[in-house]
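The values are calculated or read from the model by the stated rules, or taken from the named source; none is laboratory data. Note that this is a predicted model, so its numbers are computed, not measured. Cβ coordinates were reconstructed from backbone atoms using ideal geometry, including for glycine residues, and neighbour counts include every protein chain displayed.
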Amino acid sequence: MSQFFESIRVQDGKAHELEAHQQRINRCLQAFRGQPLSLENIAFVTDFPKTGLYKWRVQYGLDGVSQSIVSPYKPSQLFSMSIETADHIAYQHKFEDRMAISQLLNASEHSDIIMLKKGLITDSSYANLVFFNGQQWLTPKTPMLLGTQRAVLLAQGRILEADISPETLDRFTVFKRINALMTFETSPNLPIGLITSL
């Protein structure tokens, strides 16, 4: 039974950031005492399309069994975002069960949401966030999920961690949603005005 998943960017036949995804899988399986799983081994027997952008979804459980699904990827459009309190949600691993997040998103009646925990901004419904203050790109210090694109950018020194609250959003000019499929380079700069406060 698949309890967890990874969404991995496949561009022109190549799976990207496998090491970051593998590290997250390892943390998850260690936390739940699951059987080891090797993304490289799965990639070796997976037929990736040679051209174009695809999402490679690897579903897995604690028994070491996995399932691969490769599908064309097209980012969704963003029209508005609302800030929603999510103190009741814990999503430190990529669980298949995202019902609590989906319910919060559906109730918001917005394209996407920004989840707030203990008064601080964490993530959108399916991506980490980075905010630009005119000099630096900052990302919430305590995200809901430790994303792979976020980890790579932090390691490269291209973004920095900070506590960000709704009250400090006026210090920023634009923001991005980032994840494995929406890289820093491909994710558009979005105006802070898209965000509706609590």
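Would you check if M115 is out of contact with any strand residue (DSSP E or B) (no Cβ under 7 Å at 6 or more places or on another chain) and either within 24 Å of P188 (Cα to Cα) or free of Cβ contacts under 8 Å to residues at least 12 places away in the same chain (or both)? Before the answer, list the steps.
Details: out of contact with any strand residue (DSSP E or B) (no Cβ under 7 Å at 6 or more places or on another chain): no; either within 24 Å of P188 (Cα to Cα) or free of Cβ contacts under 8 Å to residues at least 12 places away in the same chain (or both): yes.
In short, no.
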**Prompt:** Could you list, in sequence order, the residues of the range 8-63 that are in contact with a Ser or Thr (Cβ under 8 Å, 6 or more places away or on another chain), part of a loop (DSSP other than H, G, I, E, B) and of a type in the set (G, A, S)?
**Reply:** G13, G61
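Might you let me know whether the range 152-163 holds any residue that is crowded, with 20+ Cβ neighbours inside 10 Å and within 18 Å of the chain's Cα centre (by Cα)?
yes
Let's see how each residue does on (1) over 13 Å from I83 (Cα atoms); (2) loosely packed, with under 15 Cβ neighbours inside 10 Å; (3) of a type outside the set (D, E):
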| position | (1), (2), (3) |
| --- | --- |
| L104 | no, no, yes |
| I113 | no, no, yes |
| A127 | yes, no, yes |
| Q135 | yes, yes, yes |
| P166 | no, no, yes |
| F175 | yes, no, yes |
| A180 | yes, no, yes |
**Message:** Checking E17 against (1) on the phi < 0 side of the Ramachandran plot; (2) modelled with pLDDT of 95 or more; (3) surrounded by 13 or more Cβ atoms within 10 Å (Cβ to Cβ): exactly one of these is not met. Which one?
**Reply:** (1)
**Residue check, I195 in contact with a Pro (Cβ under 9 Å, 6 or more places away or on another chain), modelled with pLDDT under 95 and not small (G, A, S)** = yes
